[in-house]
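The values are calculated or read from the model by the stated rules, or taken from the named source; none is laboratory data. Fair warning: this is a prediction, and the values are worked out from it, not measured in the lab. Note: ideal-geometry Cβ built from the backbone for every residue, glycine included; neighbour counts use all protein chains shown.
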Amino acid sequence: MRKASRKQSQPGAGLAYAQLASSEIARDINRDIILELIRSRQPVARADLSRLSGLQPSTVSSIVEQLLKERWITEGGAVCRPRGRRPTLLSLNDTLVMLVADVRPNRAIVAVVDLNGRILARQDVVLMSDPQRSVPRIVGTMEDMRLRHPSHTFEGVGISLPGRIDPITHRLVMAPNLRWGDFDIKGEIERSLKLPVELNNAANASLLSELWFGRMDGVRNAVLVTIVEGIGTAILANGQILSGLGGLAGEFGHVPIDPAGPRCTCGQCGCWEVFASSRAALRFYAEFNPGAAPVTIQDLMQLTAEGDKKAIAAVSLQAQYIGRGLRLITAALSPEVILITGDLTSSWHIFGPIIEKELRDSMLAGPPPALALTTDVELSRLRGAAATALQRHSGYHTSGRSVETGRRRSAGTAQTPAMA
Ligand SMILES: [Zn+2]
């Protein structure tokens, strides 16, 4: 931005810069389209990429050469055709991998993820109450994993955190459930592992995972809600993940819905998450069952699966509050889809209909958005952390640009997630 305004002060230079920028953006967009087509159609021939993208064969060839040089893709295996030249097929390079961590209060899950979103290794790490002692534990596990995969190339590190990260300083600015003080997580891991590190909010990571590895083709307005210890939301608006000033957009969990309610970890009283998170379900269960031994959320969900009436009543009350809170989201953003991920999805057949009814009954106008479940919380956060590490090459869903492939544009629909 600074560069553009400086150039614009010279007569004519602004237009030249804009033309240069737009040709660079076009090249990046074409590259994203080709990489996305290789990811979704692999193994695929160059001629098919040209046909599917609507790009000239020469353009496709030069992008493919670049991607091969950068090792994002590999070439191999020939198609058996009766006559003529046998084209070689292109696939993503699955020896290129990322180290990722899904950080939660008290523990982290550390993993190795490849370009196709496959988890090659996974390990639980117990965390301490502060980042000074916790981050070295994550780093140590990552170092061990790197040593155990000598034939893979480690491209970067992605970390999913239950908090908001300032997009400029890359530091945690708010993490009420994690309660970590200010600490340079990114810098510490980069210095130790000598790899680029990207941090992301857990809800945004899950949404990115759905965009890259899920089934979100054609959806341009969606909200993902994670229901775990707290409530996190991520917003896809007109095809872009919304960050907001300081990376703080999407904190619906901390909008008070009853000022007379219990105190929240953020300091306010009666926030949505105080009534609709997994912690709320545990509180309701304790209230319905005075004197009973404390249970974990996994125990509570197991009890609901076994038909325990008090457990079902507690999670049903949580589900009602979830549905009521979704009104905030539909009224503010009018998404096509609301994606739910979190603890209560394991008994979705019981609690999904309660949430759906509350949502339906609270619409201001028009039909309610579709409710859908993501892949499980852990997988979507790990893949999302990997996508976070990868997307620094492209910034596809967060930089403000969006593309449609030639084919999909003609169908009048989709935005294609890019791989790099
Ligand atoms: Zn709050």
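Computed quantities for the displayed model
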| read-out | value |
| --- | --- |
| Helices (runs of 4 or more DSSP H) contained in the stretch 173-276 and holding at least 1 residues away from the ligand (no atom under 16 Å from the Cβ), buried (at least 21 other Cβ atoms within 10 Å of the Cβ) and at pLDDT below 90 | 202-213 |
| Residue selected from the stretch 277-289 under the condition over 27 Å from the mean Cα position of the chain (by Cα) and either within 15 Å of the ligand (Cβ to nearest atom) or in a loop (DSSP other than H, G, I, E, B) (or both), by the criterion nearest to Gly232 (Cα to Cα) | Arg283 |
| Within the stretch 291-311, tally of residues that are over 18 Å from Arg279 (Cβ atoms) and without any contact (Cβ under 8 Å) to a residue 40 or more places away in the chain | 5 |
| Hits in the stretch 215-256 - residues which are basic (Lys, Arg) and either under 15 Å from Asn200 (Cβ atoms) or without any contact (Cβ under 8 Å) to a residue 40 or more places away in the chain (or both) | Arg215 |
| Total residues in the stretch 254-275, condition closer than 13 Å to Arg324 by Cβ and under 21 Å from the mean Cα position of the chain (by Cα) | 1 |
| Matching residues in the stretch 185-221 - criterion: being within 17 Å of Arg381 (Cα to Cα) and of a type in the set (Gly, Ala, Ser) | Ala202, Ala203, Ala205, Ser206, Ser209, Gly214 |
| Residue check, Ala292 more than 16 Å from the ligand (Cβ to nearest atom) and part of a helix (DSSP H, G or I) | no |
| Unmet criterion (only one of (1) within 16 Å of the ligand (Cβ to nearest atom); (2) closer than 26 Å to Ile165 by Cβ) for Ile297 | (1) |
| Some residue of the stretch 103-123 being away from the ligand (no atom under 16 Å from the Cβ), over 23 Å from Ile38 (Cβ atoms) and acidic (Asp, Glu) | no |
| Only listed residue being at pLDDT below 95, more than 27 Å from Ile109 (Cβ to Cβ) and among the hydroxyl-bearing types (Ser, Thr, Tyr), chosen from Ser380, Ser316, Ser334 | Ser334 |
| Tally of residues being within 26 Å of His152 (Cβ to Cβ), without any contact (Cβ under 8 Å) to a residue 24 or more places away in the chain and part of a loop (DSSP other than H, G, I, E, B) across the stretch 24-74 | 1 |
| Check on Gly366, closer than 25 Å to Ala222 by Cβ, part of a helix (DSSP H, G or I) and small (Gly, Ala, Ser) | no |
